[in-house]
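Here the structure is laid out as structure tokens; the discussion comes afterwards.
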Amino acid sequence: MPQTKTAQTKTPAASPLAAPRRRAAPIRALILGGTSEARALAARIAGDARVHATVSLAGRTSAPLAQSLPTRIGGFGGVEGLKRYLEEERVDRVIDATHPFAARISANAREACAALGLPLLVLTRAPWSRMEGDRWIEAANNAGAVAALGEAPRRVFLTIGRLGLADFLGAPQHYYLIRTIERPSENDLPPRNGLILERGPFTVESELSLMREAGIDMIVSKNSGGRDTYAKIEAARTLGLEVVMITPPGGGGARVVHDVETAAAFLFFEEP
Ligand SMILES: NC(=O)c1ccc[n+]([C@@H]2O[C@H](COP(=O)([O-])OP(=O)(O)OC[C@H]3O[C@@H](n4cnc5c(N)ncnc54)[C@H](OP(=O)(O)O)[C@@H]3O)[C@@H](O)[C@H]2O)c1
């Protein structure tokens with residue numbers, strides 16, 4: 001069952017967005033979260049009387065970081081459940097600030113908003129771009145990443161998160177150094193593995209020493225964008241290592257922005 005946490009109010013910062021409101025009642029907004037972008041947006045609009053917003057988390061992590069807005073936790077129950085929630089809570093606008101690889105909830109948000117005629121904005125990180133010195137092998141998904149590792153045993157730094165690790169069980173010849181925030185299920189771990197439970201951000205220096213000490217010769221990463229986990233990509237470039245880069249699933253046509261101010265403006269202004 002969804003839980004509700006108490007809001008932590010904050011004095012709004014002076015900003016060009018603090019224009020006089022043209023609406024009597026505050027805009028009611030749902031922010032689909034689970035990312036640093038969603039937290040930043042929540043911090044940006046907390047305490048602003050023009051918006052009454054709730055952050056929604058899937059409940060994947062046992063100790064989620066605190067949010068600056070009221071928070072509900074748990075799935076909605078598919079598109080129908082999400083539509084029901086949006087209607088019951090009389091939501092006016094939705095911001096999908098979920099992770100670029102959270103494809104299901106984003107598709108649900110598109111479908112539910114289209115059905116109810118609600119404005120939807122996607123706030124997400126721009127994916128990383130290949131730079132000089134990068135040795136990327138692009139993969140469309142985990143299966144493609146497994147294939148890109150090849151037959152010969154490698155020492156792989158596997159940084160795709162906890163879910164999806166089981167896809168690598170089919171290539172047990174490799175050693176995998178696995179880094180996740182939450183402990184993965186034992187059943188999902190390939191036989192030859194090292195496990196690090198840690199949340200970013202990471203520094204290039206720490207990534208370099210980690211990879212050197214573990215004798216890593218290949219990296220598997222999602223192209224998640226953002227600063228927090230980019231250090232491993234820089235470290236790989238320095239070490240001349242190949243990176244199997246899994247491309248994001250794509251946004252399905254919704255309007256996409258990459259900065260918190262534009263997302264806040266979408267909520268504050270009358271016409272999004
Ligand atoms: N995928 C990643 O690599 C990744 C990385 C970092 C953070 N995250 C965060 O972790 C969460 C789950 O990611 P995922 O890839 O498992 O998502 P997903 O596959 O797109 O979603 C699976 C189901 O989880 C529920 N759900 C997902 N996000 C939700 C949210 N913000 N609020 C309420 N329910 C949500 C929905 O359940 P119902 O159908 O029952 O509504 C959804 O159908 C997301 O919020 C995402 O931002 C994901």
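Just subtract the alpha-carbon distance of A49 and D188 from 0.36 nm times their residue separation and send over the number in nm, one decimal. Don't skip to the answer; put the middle values down first.
Values: separation 139, 0.36 × 139 = 50.04 nm, distance 4.61 nm.
This chain segment gains 45.4 nm when fully extended.
Among the trypsin sites (Lys or Arg not before Pro) in the range 85-116, which ones are in a DSSP loop with at most 10 other Cβ atoms within 10 Å of the Cβ? Mind listing them? Can you show the working numbers first?
Working: sites: R90, R93, R104, R110; in loops: R90.
Taking the range 85-116 and a limit of 10 other Cβ atoms within 10 Å, the loop trypsin sites (Lys or Arg not before Pro) found are R90.
Quantify how much of the Cα-Cα distance distribution of the chain extends past 30 Å, in percent.
Values: 13124 of 36856 pairs.
The calculated P(r) of the chain puts 36 percent of pairs beyond 30 Å.
Restricting to DSSP H runs of at least four residues, report the calculated mean residue ellipticity at 222 nm for the chain, -39500 (n - 2.57) per run over all residues, nearest 500 deg cm²/dmol. Let's see the in-between values first.
On the way: 7 runs with 71 residues, N = 272.
That calculation yields -7500 deg cm²/dmol at 222 nm.
With +1 on the Cβ of every Lys and Arg and -1 on the Cβ of every Asp and Glu, and nothing else charged, how large is the dipole of the chain about its Cα centre, in debye rounded to the nearest 20?
Details: 33 positive and 29 negative charges, 137 e Å.
That gives the chain a dipole magnitude of about 660 debye.
Let me know the charge dipole size of the range 135-246 about its Cα centre in debye, to the nearest 20, where only the beta-carbon of Lys, Arg (+1) and Asp, Glu (-1) is charged. Please report the intermediate quantities before stating the final value.
Numbers: 13 positive and 14 negative charges, 17 e Å.
My answer is approximately 80 debye.
Among 235-248, 41-54, how do they line up by average Cβ neighbours within 10 Å per residue, starting with the highest? Please report the intermediate quantities before stating the final value.
Values: 235-248: 18.8, 41-54: 20.5.
Ranked from most to least packed, the peptides come out as 41-54, 235-248.
If a/c stays under 1.5 just call it rounded; otherwise compare a/b with b/c (prolate if a/b is bigger, oblate if not). Do that for the range 119-220, with a ≥ b ≥ c from the square roots of the Cα gyration tensor eigenvalues.
Note, shape of the range 119-220 comes out rounded.
Every number in this text was worked out from the coordinates using simple rules, so none of it is lab data. In this text, all values refer to a predicted model and were calculated from it rather than measured experimentally. Because the Cβ atoms are built from the backbone with ideal geometry, glycine has one as well, and the counts that use them run over all protein chains shown.
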